[in-house]
Amino acid sequence: MPTPGLLYVTMQPKGSLPEAQFHDWYNTEHGPLRLRLPFITNGFRFRATDGEQPEYVALYDITDMDELTRKTYLDLRTDLIKTEREKKTMAQIDVGRLLYDLVDERRVSDYRPLETQADTDAETRGSVMVAVTTTTHPDPEKQAEHDRWYRDEHFEMLSRVPGWRRSRLFVTAAIDTQAPRETLALHEYAPVNGLGGDAHKAAMSTPWRERLQKDVVASKRRRTYQCHDCAGPWSSNDGKTRTFPSTTRPAVESFVTTADGVEIPYRLEGSTDPTAPVVVLSNSILVDWHIWDRFVDAFLARRENQRYRVVRYLTRGRHSASGSQPVNIDLLASDLNTLLDHLRVPPKAARLIGVSLGGVTVLNTSLLFPERVGAFISCDTNSSAPESNRKAWSDRVAMCKEEGSVSAETQEPIVGENLAEVTTRRWFVPESYETQPEVLAAVKEAVRTNSLKGFEHSVQALCAYDIRERMASATVPGLFVAGANDGVLPQTMQKMAADLKGGAELKIIEKAGHLPMVEQPEAFAQVVTDFLGKIDA
């Protein structure tokens, strides 16, 4: 079973390190790099208020302490990840690193973890923490009594102190075999609290506590801290993780690794509430997440939509490293579900929107993982692959190979100009080439630069699938959308809407072809807003 615990890091900057540099390094590089790991659920830095040193402590809650012994975490401490700035900065900091296993916890009924609160919330900024580190008599029975006192008496009495929010008891981690056993108690209080008042004094002067202090406790140190936080942009050495702080629309770009070792890059933006529902946008083949740019702008500009987090990701096949197993729509649904797991999206909190290959991906995900999805919007797609697809896509791959284009940056084969021109001409209405040529040019460039190897591999998913039987037992509410000028798809999708168990509505976007969110972002945003407004009312 996983062992939850805590990474407890004390820091004392040396006089040679400017305070601004210390804060910028920690908040834009050191902390965010650790928070991208899925087993580190949060990270907070506190500053001492008792005048003692070390002045700073950082707390990282860990879902399984064994993860700290594995390569993913250990690489953070090597030159593989550490930048020159990190090396130079850490050389000017006295660092203490302690590992603890969680023993027990007590909290108020309306407890809100700090990570669920906005950084500007006074409750977050002014939160008080008391940390008590204790070494006890080596007798296991006395150690057990000390832990029992916390559980049976001390936590209960502290809970009567005004402003008390939570207490946790930790013990030196089992994975830290060289460290002597000690306990760490962390007590959290609101900025306005009763520390030093009558209830607190009563908790600190019971007969049981006095006896333990005399017979069991060998040493003890008590520290007081207040939550300290800063923010700024940051990029990892490999460029795969970046933060974009903003007072209106903060974002982070990172990646999740699938079970078969494929990296799926994503961009998360919008609400900073980690419990907020998530709108996930799934691409068509041959493009990147920028096809959603104007839709996301239009969607989040509406006040009612600012409660959502928005996630975009690169579908398997955008890059050459797309894995070795055959790509089908079930695998793509699994990729999307892995992304939801990585982002810790609560049950039913995902609203999925996809177009073309992404359209059948989100529909299939809602059928295979209904417990994860609250609603879906499937655009310009089919519920089964026409037999003609296999030859059509094979011919397109052959066109790319014949052209022989390569990336100027990586020298890898790419799709190239010919298929890019044919594809975008097929996707968009002629009028858009006159009214918004720069928008369509960006889509064409995305098609042109797609990895040929990734395209040839992932296009298998469009050659053979049929989910009509699954649709007959669907439980997740959905909406179907099509561009009015997308060939026969408006008629095809009308049948899909009828095939979904319980039925669904089909919305048509006028003056749009295969990618209505590109050509008509405002109209598309209105359709999405109306549908989600009903779901989340």
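Answer with one residue from PRO437, PRO250, HIS200: the one whose Cα lies farthest towards the positive end of the charge dipole of the chain, charges on Cβ with Lys, Arg +1 and Asp, Glu -1. The listed residue farthest towards the positive side: HIS200. A simple rule links phi to the HN-Hα coupling: the Karplus curve 6.51 cos²θ - 1.76 cosθ + 1.60 with θ = phi - 60°, which for the stretch 74-85 gives 4, 4, 4, 9, 10, 5, 4, 10, 5, 7, 4, 4 Hz, with x for Gly and Pro.
With R₀ fixed at 25 Å, the C-beta to C-beta distance from ARG221 to VAL108 puts the FRET efficiency at about 0.45. Computed over neighbours whose Cβ is under 12 Å from that of ARG309, the net charge equals +4, Lys and Arg +1, Asp and Glu -1.
Is there a quick way to get the dipole size of the stretch 5-228? I mean about its Cα centre, with the Cβ of Lys and Arg at +1 and of Asp and Glu at -1; what is the value in debye to the nearest 20? Can you show the working numbers first?
Working: 33 positive and 36 negative charges, 61 e Å.
Computed charge dipole of the stretch 5-228: roughly 300 debye.
With contacts taken as Cα pairs under 8 Å and at least 6 residues apart, the chain reaches a relative contact order of 12 percent. If you take all other residues with their beta carbon under 13 Å from the beta carbon of ILE81, and give Lys and Arg +1 and Asp and Glu -1, the sum is +2.
Extending 7 Å from Cα along the Cβ direction at ARG34 and again at GLN411 yields two label points whose distance is 4.1 nm. In terms of the mean number of neighbouring beta-carbon atoms within 10 Å, the peptides 309-315, 434-440 order highest first as 309-315, 434-440. Report summary: the helix-based calculation at 222 nm, which adds -39500 (n - 2.57) for every DSSP H run with n ≥ 4 and divides by the residues of the chain, gives -9000 deg cm²/dmol.
So, by mean Cβ neighbours within 10 angstrom, what's the order for 407-413, 484-490 with the highest one leading?
Values: 407-413: 11.9, 484-490: 17.7.
Ranking the peptides 407-413, 484-490 by packing returns 484-490, 407-413.
The simple spin-label model puts a point 7 Å past each Cα toward its Cβ; for ARG390 and LYS14 those points are separated by 6.8 nm.
Between the residues PHE369, LEU357, LEU314, the greatest Cα displacement towards the positive end of the dipole of the stretch 312-396, with unit charges on the Cβ of Lys, Arg, Asp and Glu, is found for LEU314. 3J(HN,Hα) along the stretch 358-369: x, x, 6, 5, 6, 5, 5, 4, 5, 7, 8, 10 Hz, from the Karplus curve 6.51 cos²θ - 1.76 cosθ + 1.60 with θ = phi - 60°, whole Hz, x for Gly and Pro.
For the stretch 370-436 versus the stretch 282-356, the spacing of their alpha-carbon centroids is 17 Å.
For PRO13, what charge total do you get from the other residues with a beta carbon under 9 Å from its beta carbon, if Lys and Arg give +1 and Asp and Glu give -1? Before the final figure, lay out the partial values.
Numbers: positive: LYS14; negative: GLU19, GLU55, ASP94.
With Lys, Arg at +1 and Asp, Glu at -1, the neighbours total -2.
Given +1 at the Cβ of Lys and Arg, -1 at the Cβ of Asp and Glu and no other charges, the dipole of the chain around its Cα centre is 760 debye to the nearest 20.
Apply 1/(1 + (r/R0)^6) to the Cβ-Cβ distance of THR49 and HIS290, taking R0 = 45 Å, and write down the FRET efficiency to the nearest 0.05. Before the final figure, lay out the partial values.
Values: r = 46 Å, r/R0 = 1.03.
Efficiency, rounded to the nearest 0.05: 0.45.
Packing around the peptides 80-87, 19-26, 369-376, taken as the average count of other Cβ atoms within 10 Å per residue, puts them in this order, highest first: 369-376, 19-26, 80-87.
Once the Cα atoms of helix 489-499 and of the chain are each reduced to a long axis, what angle between those two axes, in degrees from 0 to 90 to the nearest 10, is obtained? For 489-499 against the chain, the angle is about 60 degrees.
The numbers here are math on the coordinates, done by the rules we state, and not lab data. Remember, predicted model here, so these are calculated numbers, not experimental data. We place every Cβ from the backbone using ideal geometry, glycine too, and count neighbours over all the protein chains shown.
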